[in-house]
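Single-structure report; data block below.
The values are calculated or read from the model by the stated rules, or taken from the named source; none is laboratory data. Only a predicted model underlies this, so the values are computations on that prediction, with no experimental measurement involved. A quick note on method: Cβ atoms are made from the backbone with ideal geometry, for glycine too, and the neighbour counts reach across all protein chains shown. Ligands, DNA and RNA are excluded from the accessible area calculation, which covers all protein heavy atoms including side chains. Shrake-Rupley method; radii C 1.70, N 1.55, O 1.52, S 1.80 Å.
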Amino acid sequence: GAATERRRGNAGVNMVLLENDRFLTELTKMYERNRDSGSVWVTIKRSMLKRLPKRNQLPPPEQVFTDPEWVRLVRASDGKKKISTTVDAKAAEKFSRSLSLVQMASMDGLQEIKKPSKKERAKGSTKKA
């Protein structure tokens, strides 16, 4: 189950916080939906998942962090749907390997960009002059 599932309003698109395994499943589905056309963005950043006090204000004593535990906040979006998960330090390596496998399996839909050779670039610059 996804006991940690939570929805937040964000510019008309809901962000869904999922458990790690469910996030990877939804990410795979997102890549499948966008295989022929479209993009999927994945971002990772570290977070304490707690609101920090405003600048120049002292936090209440119960919010003073002596040794904060950082987690990784992983987000994915295809422009229509946003999903996210949090990964603690103990599960970070396993999750990273799983995320890499999902991304590598989804890279077969990429199109190769043809770059002009040095000769073609040289011809192109002389034509413009």
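Tabulated values for the structure
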{"item": "Only listed residue being modelled with pLDDT of 80 or more, more than 21 Å from Leu18 (Cβ to Cβ) and of a type in the set (D, E, K, R), chosen from Asp36, Asp78, Asp88", "result": "Asp36"}
{"item": "Segment 57-75, subset modelled with pLDDT of 75 or more and either among the polar types (S, T, N, Q) or part of a strand (DSSP E or B) (or both), residue surrounded by the most Cβ atoms within 10 Å (Cβ to Cβ)", "result": "Val74"}
{"item": "Where Val16 falls short, out of the listed (1) closer than 18 Å to Val87 by Cβ; (2) β-branched (Val, Ile, Thr); (3) open to solvent by 50 Å² or more (accessible area, probe 1.4 Å); (4) at pLDDT below 85", "result": "(3)"}
